[in-house]
Amino acid sequence: MIEIVLFYVGAVAAILGAAGVVLARTPLRGALWLIFTLCAVAVLYLLLEAPFVAAMQVLVYAGAIMVLFVFVIMLLNLGPEAGARPAYVSVAKASGLLACVYLGWRLVAALSGSGQKAVDGSVKNIGVLLVTDYLFAFEAVSVLLLVAVVGAVVLGLRRLS
Amino acid sequence: MRALVDLLNRSFAVPAVYQPYLAAGVIFVLAFVIVVFAAVYSGVLIFAERRVAGRIMSRIGPNRVGPHGLLQFVADAVKLIVKEDIIPDASDRPLYRFAPYLMTMGVFAGFVVLPLSPHVIGADLNIGLLYVLAITAIAVVGVLMSGWASNSKWSLFGGMRSAAQIVSYEIPNALALLPGVLLAGTLSTQAIIRAQGGWPWEWYVFHSPMMLALFVIYFIAALAEGARIPFDLPEGESELVAGYFTEYTGFRFAAYFVGELAHTWIAGSLAVIVFLGGWQIPGVSVAEIDAAQGGMLWLYEALALAIFVLKMIFVVFLMIQLRWTLPRVRVDQMMVICWKYLLPITFVALFLILGFMLVWPWESVGGLLWRVAMTAVGLGVVVVYFWRVRYNIVAARDRLYLKFWI
């Protein structure tokens, strides 16, 4: 009962937040709506008994990555969009909506009736899975991140010299 | 929370239909208690802070309202609540109004997993430590939001400095807490305390030399995260008026202050939980506390509570003392301290601790010898600290007047 109520609260909040991201006129408000959406999705993760994923969602996305987004928007001092919008915007909107509806339909079709019980989402379980079944993906991701860090350092050094 | 629901279920026969309402009611009551606790703690802390500041600066400090000025914070709160709530014309109204509450929300929510004694805790989550780090990160969004929404240069600069500082120092902060998690094998705050012991050589801080270093690093990073002097750049009065809350007045201004002061409780209790043995009573094992019934249970609870709060007061007092001792660092120095010193040291210490755990396990003779030796070092540091404080008081030609509350 309480889970169902929380699910609807989280789900509606996530959808409203996503709508806010699209409809916001200032980039900063859009970014803040995105943070709201991410937190709402974290609530859904909690209801799926994946507290670790939920905490990571808030810590990494809402707390760090989105803060950097907001930081950059503030640094560039972006104001609200001004002037008439070009004609292709409405076409882009329509195709985006179509793609969204199609994706939603495929997702529902793929997930409904599968009834698969999720594995225990505890920290220990995730840790064990990361270094056994998903070791290759885990290491590949860490190499990818290392490349990104090296790239950032190289770019920063070039700017200095 | 679950313990409270169980207790109510045992005392009153609650029909199954009402169970969700019971749980929801308990959650609301606990949330209310936490908010009130955090607010009152901030009030008491600001009183302590001003009196200690007075002693350090050889003056008296507030002592007019109530006995020894103890009610000064109530007067301040009343003043701030009845003040006019000014919202600048050019500000982004909804964001401007909401930002202070987002910041305090992030801080207050962290209190949920911080225990006071074996049973006094909001909710003992199995990801407790991670939860605190994640939820306090939300406060940054509030700070950035207020910096932007105020539409003032000082606020914007303050907000951006604050974001840069908190995002940077979050990394050494979290990494310094990691060895405690490794040693206890869990993220739950209660379980980390239970894995330690009552005597100093059973605390994680004295596990190895690296742990001692990490404790210092954690303390520095926690100061920076709470934007306390010497890291109060986001509100540097000399250049930014008041930083991100320059434009705020009245209750919203007070909300920022309560949030910042309440953050010292989170920083202090994390230090006590992970490094200083939490509520563990010297000479009483966890099994004895768990087995205690009736009067003994209450006695143990009260003792544990007193021990936890005493350790907290010591850590927070250090923060206050540093505030009135050190000058503020510059922005570039703040960044250099974090990225060039704290972070590399933390990584090296982390890897050394992993090796240490293999060579000298916690229970082995070697491990015990290391812990006793490190305890001696720690005691030495504490003795030197008190000796220096005394020396400074005498050198200032002040009478050694330890009744600082008068």
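The values are calculated or read from the model by the stated rules, or taken from the named source; none is laboratory data. Quick caveat, the model's predicted, so the values are computed rather than measured. Glycine gets a Cβ as well: all are built from the backbone with ideal geometry, and neighbour counts include every protein chain shown. With ligands, DNA and RNA removed, areas are computed over all heavy atoms of the protein, side chains included. Shrake-Rupley method; radii C 1.70, N 1.55, O 1.52, S 1.80 Å.
For B:R388, B:R252, give the ranking by accessible area with the largest first, probe 1.4 Å.
The residues order as B:R388, B:R252, largest area first.
Counting only protein heavy atoms, what percent of the accessible surface of segment A:1-80 is carbon or sulfur at a 1.4 Å probe? Can you show the working numbers first?
Values: 3530 of 4410 Å².
Carbon and sulfur: 80 percent of the exposed surface of segment A:1-80.
What is chain A by shape, rounded, prolate or oblate, if you read a ≥ b ≥ c off the alpha carbon gyration tensor as root eigenvalues and call it rounded for a/c under 1.5, prolate for a/b larger than b/c, and oblate otherwise?
The shape class here is oblate.
Quick one: which bits of segment A:52-73 get at least 40 Å² less accessible when the partner protein chains are in, versus the chain alone, with a 1.4 Å probe?
A:A55, A:V58, A:L59, A:G63, A:V67, A:F71
Would you kindly find the accessible area of A:C100, with a 1.4 Å probe and non-protein molecules such as ligands, DNA and RNA excluded, rounding to the nearest 10 Å²?
Looks like 80 Å² after rounding.
Putting +1 on Lys and Arg Cβ atoms and -1 on Asp and Glu Cβ atoms, find which of B:T346, B:G106, B:A48 reaches farthest to the positive end of the dipole of the protein assembly as shown.
B:A48
In nanometres, what is the gap between the two model label sites at B:V389 and B:A53, each 7 Å from Cα along Cα-to-Cβ?
Spacing of the two 7 Å Cα→Cβ label points: 1.9 nm.
Quote the total accessible area buried by chains B and A together, excluding ligands, DNA and RNA, probe 1.4 Å, nearest 100 Å².
In total, this chain pair buries about 2200 Å².
Expressed as a whole percentage, what fraction of the accessible surface of segment B:80-359 belongs to carbon and sulfur atoms when a 1.4 Å probe is rolled over the protein heavy atoms?
That fraction is 72 percent.
Students sometimes get this wrong: rank B:S162, B:S364 by accessible area, probe 1.4 Å, all chains present, largest first.
Values: B:S162 5, B:S364 40 Å².
From most accessible down to least: B:S364, B:S162.
Could you work out the relative contact order of chain B, using alpha carbon pairs under 8 angstrom and six or more residues apart, expressed as a whole percent? Write out the running numbers ahead of the final one.
Values: 543 pairs, mean separation 82.8, N = 406.
In percent, rounded to a whole number, it is 20.
Over segment B:263-406, what is the relative contact order in percent, taking alpha-carbon pairs closer than 8 angstrom and at least six residues apart?
17 percent
What do you reckon, how do B:R50, B:R161 stack up by accessible area (1.4 Å probe), largest on top? Provide the component values of the computation, followed by the final result.
On the way: B:R50 90, B:R161 50 Å².
These residues rank, largest area first, as B:R50, B:R161.
Once every DSSP H run of n ≥ 4 in the protein assembly as shown is given -39500 (n - 2.57) and the sum is divided by its residues, what mean residue ellipticity at 222 nm do you get, rounded to the nearest 500 deg cm²/dmol?
Details: 22 runs with 392 residues, N = 567.
Value at 222 nm, helices only: -23500 deg cm²/dmol.
Using a ≥ b ≥ c from the Cα gyration tensor of segment A:1-80 (square roots of the eigenvalues), is it rounded, prolate or oblate, where a/c under 1.5 gives rounded and otherwise the larger of a/b and b/c decides, a/b for prolate?
oblate
Keeping all protein chains in the complex and leaving out DNA, RNA and ligands, what accessible area do you get for B:V286 with a 1.4 Å probe, in Å² to the nearest 10?
Roll a 1.4 Å probe over it and B:V286 shows about 30 Å².
Which of rounded, prolate, oblate describes the protein assembly as shown, given a ≥ b ≥ c as roots of the alpha-carbon gyration tensor eigenvalues and a/c under 1.5 marking rounded, otherwise prolate only if a/b is larger than b/c?
Taking the square roots of the gyration eigenvalues as a ≥ b ≥ c, the protein assembly as shown is rounded.
Among B:F308, B:I121, B:I320, whose Cα sits farthest toward the positive end of the charge dipole of segment B:80-359 (+1 at Cβ of Lys/Arg, -1 at Cβ of Asp/Glu, about the Cα centre)?
Value computed over the given set: B:I320.
Using a 1.4 Å probe and ignoring any ligands, DNA or RNA, find the accessible area of A:D120 and quote it in Å² to the nearest 10.
The accessible area of A:D120 comes to roughly 100 Å².
Calculate, for the protein assembly as shown, the solvent-accessible area per residue in square angstrom, rolling a 1.4 angstrom probe over the heavy atoms of the protein chains.
Per residue, the protein assembly as shown has 54 Å² of solvent-accessible surface.
Evaluate the charge dipole of the protein assembly as shown about its Cα centre and quote only its size in Debye, nearest 20, assuming +1 on the Cβ of each Lys and Arg and -1 on the Cβ of each Asp and Glu.
1260 debye
Explain nothing, just the number: relative contact order of chain A, from Cα pairs under 8 Å at least 6 residues apart, as a whole percent.
19 percent.
What does the average come to when, for each residue of peptide A:24-32, you count the partner chain Cβ atoms lying within 10 Å of its Cβ? Display every interim value, and only then the final one.
Values: counts 0, 0, 3, 0, 6, 6, 0, 2, 9.
The mean count of partner-chain Cβ atoms within 10 Å per residue comes to 3.
For segment B:59-157, state which chymotrypsin sites (Phe, Trp or Tyr not before Pro) are in a DSSP loop and have at most 16 other beta carbons lying within 10 Å of their beta carbon.
The qualifying sites: there are none.
Just name one of B:N9, B:F251, B:N392: the one whose Cα is farthest towards the positive end of the charge dipole of chain B (beta-carbon charges, Lys/Arg +1, Asp/Glu -1).
Checked the options; the winner is B:N392.
List, by residue number, every residue in segment B:165-188 with a reduction of 20 Å² or greater in accessible area between the chain on its own and the complete protein assembly, 1.4 Å probe.
Residues passing the criterion (a loss of at least 20 Å², heavy atoms only) are B:V167, B:E170, B:L187.
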